[in-house]
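Peer 1: Sharing a structure, written as structure tokens. Questions coming.
The values are calculated or read from the model by the stated rules, or taken from the named source; none is laboratory data. Since we're looking at a predicted model, the values are computed, not measured. Virtual Cβ from ideal backbone geometry, glycine too; neighbours counted across all protein chains shown.
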Amino acid sequence: MAQRWIPSVILGDIPTVSCKIIDMKNRRKSKNCIFPVLLCAFFLSLLPRQAFAVSQWEIDEVKRKRDLVAEQRNAQQQIVDNLTGEQNSVIDEKLALEQSVSLTREQIDLNNQEIALYDGLIQEKIAEVEAAKALEDEQLERYRVRVRAMEENGVPSLLVMLSESDSLRDLLTALDDVGAIMESDRALEDQYIAARKAHEKKQAEYEEVRVELLAHKSVLEEERKQLELQIDTAQEKIEELQQQITENEALVAEIEARWQELDQRVGELQAQYEKERAPGNISGDGFIWPCSANIITSLAGTRTHPVTGQERYHSGVDIGCPAGDPVWAAASGTVSSAGWNGNYGNCVMISHDNGYTTVYGHLDSIAVSSGQSVSAGTTVGYCGSTGLATGPHLHFEIRSGGDFLDPLDFFSGGSFVYMLDA
Ligand SMILES: [Zn+2]
């Protein structure tokens, strides 16, 4: 028979090495081992009555860590969201600035067109002023020639006019003609001067407008420059925020990976937890273990009864299952009895096709009825302490004909924890 091993994780540092290994061959005649077993049971009774590889506490602990990591991730994500929000508003500001600069450029273009228009007008006026000056100069020259001629031939000329005039009337007429010619010349000159001055005035007006347009152009150019500077600043801010967003997103991803790891661990632990507590978690020779607990609190065989104090034969094993835990049919068969059964309390018996009968005692409640067919793993009732019992446990028997067999003999490959009642 294989030696049964009590995991050292359960024993911890308890100095009871002698009872770490219980030789099953000698377990019924273990008087020389009774003291270490009692000591062992005493220390074990101080430990939580939990004998699974995965406990709910462990799952809760990993969940707690996972949830803390989730909080960190959410806080980090909030930072990313805030930065993104800030960046979006800077992007909006930049778009508005770009629209303004676009409008300013259009205004500058219009302004340039106006300046070009006025440049044309001014050029026209310059040409007109020059033309007027030329006419003026010509006329002035003509007038000068005439005056010079008159000066050179002044008196003789008058004498000629006198001699050549037939009458005073003719002379006066001649003199009037000279005067009229002079007046006409002067009038023409005045007219030319006036035209030139009008052109010059217009040119000056145009130039004044052009100066105003140039001044406006400078203002617009300054505006454009300022807007472009603001756009550059906004762009820098967007890039700076992007860098921060990228860095913080990397942190979020890192934390998320950690969260995924923990979440996966929770899933694995839960799956293991459920597997350990599912029917068939411990399989034996033709039977499955009848409950999720693997703590043996009393062996089959002769023992001192904890309540009566009498030495008597114990017809099965007691399994330390928590009250309310499901109790499963150890194999398929038919329920031969289900109900109150004296010291057994609420008790279920199942007849199996292979000739064995299994018995489940001290049930808190019964979930099957007599005559019912069950499969291995069908819940037949719930762990309790009805009948003659000091606390919640399952009394489990395997019978063959009229004989009581040791159920543990059918589960030689099972891993059990022995927390034997004194
Ligand atoms: Zn019992």
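Peer 1: Looking at segment 387-395, is at least one residue modelled with pLDDT under 95, in contact with a strand residue (DSSP E or B) (Cβ under 6 Å, 6 or more places away or on another chain) and over 13 Å from residue 328 (Cα atoms)?
Peer 2: Yes, because at least one residue in segment 387-395 is modelled with pLDDT under 95, in contact with a strand residue (DSSP E or B) (Cβ under 6 Å, 6 or more places away or on another chain) and over 13 Å from residue 328 (Cα atoms).
A quick yes/no check of all residues on (1) buried (at least 16 other Cβ atoms within 10 Å of the Cβ); (2) among the aromatic types (Phe, Trp, Tyr); (3) at negative phi:
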site: 183; (1), (2), (3): no, no, yes
site: 188; (1), (2), (3): yes, no, yes
site: 196; (1), (2), (3): yes, no, yes
site: 203; (1), (2), (3): yes, no, yes
site: 206; (1), (2), (3): yes, yes, yes
site: 214; (1), (2), (3): no, no, yes
site: 219; (1), (2), (3): no, no, yes
site: 224; (1), (2), (3): yes, no, yes
site: 233; (1), (2), (3): no, no, yes
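Peer 1: Testing residue 415 on (1) more than 14 Å from the ligand (Cβ to nearest atom); (2) crowded, with 20+ Cβ neighbours inside 10 Å; (3) at pLDDT below 95, one condition comes back false. Which one is that?
Peer 2: All conditions are met except number (2).
Peer 1: Do any strands (runs of 3 or more DSSP E) entirely within segment 366-411 hold 3 or more residues that are under 21 Å from residue 299 (Cα atoms) and within 16 Å of the ligand (Cβ to nearest atom), and if so, which? Show your work before the answer.
Peer 2: Working: elements: 379-382, 394-400, 403-405.
Of the strands (runs of 3 or more DSSP E) lying wholly inside segment 366-411, those with at least 3 residues that are under 21 Å from residue 299 (Cα atoms) and within 16 Å of the ligand (Cβ to nearest atom) span 394-400.
Peer 1: If you don't mind, there's one more thing I want to ask. Only one of these is assigned to a helix (DSSP H, G or I), of a type outside the set (A, V, I, L, M, F, W, C) and closer than 30 Å to residue 263 by Cβ: 124, 141, 71. Name it. Steps first, please.
Peer 2: Numbers: 124 fails: closer than 30 Å to residue 263 by Cβ; 141 fails: closer than 30 Å to residue 263 by Cβ.
Answer to the check: 71.
Peer 1: So which residues in segment 297-326 are buried (at least 19 other Cβ atoms within 10 Å of the Cβ), part of a strand (DSSP E or B) and within 11 Å of the ligand (Cβ to nearest atom)?
Peer 2: Across segment 297-326, the qualifying residues are 297, 298, 317, 318, 319.
Peer 1: Here is a follow-up. Could you tell me whether segment 329-345 includes any residue that is within 16 Å of the ligand (Cβ to nearest atom) and within 17 Å of residue 410 (Cβ to Cβ)? Break it down into steps so the answer makes sense when it comes.
Peer 2: First pass over segment 329-345, keeping only residues within 16 Å of the ligand (Cβ to nearest atom): 330, 341-345.
If we keep only those that are within 17 Å of residue 410 (Cβ to Cβ) as well, we get 330.
Looking for residues that are within 16 Å of the ligand (Cβ to nearest atom) and within 17 Å of residue 410 (Cβ to Cβ), one finds at least one in segment 329-345, hence yes.
Peer 1: Follow-up. Please go through segment 274-296 and pick out each residue that is of a type in the set (Phe, Trp, Tyr) and not in a loop (DSSP other than H, G, I, E, B).
Peer 2: First pass over segment 274-296, keeping only residues of a type in the set (Phe, Trp, Tyr): 287, 289.
Within segment 274-296, none qualify.
Peer 1: So which residues in segment 327-349 are surrounded by fewer than 20 Cβ atoms within 10 Å (Cβ to Cβ) and assigned to a strand (DSSP E or B), if there are any at all?
Peer 2: Keep residues of segment 327-349 that are surrounded by fewer than 20 Cβ atoms within 10 Å (Cβ to Cβ), which gives 332, 334, 336-337, 339-343, 345.
Passing the criteria: 334, 336, 337, 339, 340.
Peer 1: Against the definition (more than 30 Å from residue 93 (Cα to Cα), in contact (Cβ under 8 Å) with a residue 12 or more places away in the chain and outside the structural domain of residue 360 (by TED's automatic domain parsing)), how does residue 285 come out, yes or no? Give the steps one after another, and end with the answer.
Peer 2: Details: more than 30 Å from residue 93 (Cα to Cα): yes; in contact (Cβ under 8 Å) with a residue 12 or more places away in the chain: yes; outside the structural domain of residue 360 (by TED's automatic domain parsing): no.
No.
Peer 1: Which residue is surrounded by the fewest Cβ atoms within 10 Å (Cβ to Cβ), if the candidates are limited to segment 350-365 and must be among the aliphatic types (A, V, I, L, M) and within 16 Å of the ligand (Cβ to nearest atom)? Let's see the steps before the verdict.
Peer 2: At the first step, the residues of segment 350-365 found to be among the aliphatic types (A, V, I, L, M) are 350, 359, 363.
From what's left, within 16 Å of the ligand (Cβ to nearest atom): 359, 363.
On the way: 359: 23, 363: 25.
That would be 359.
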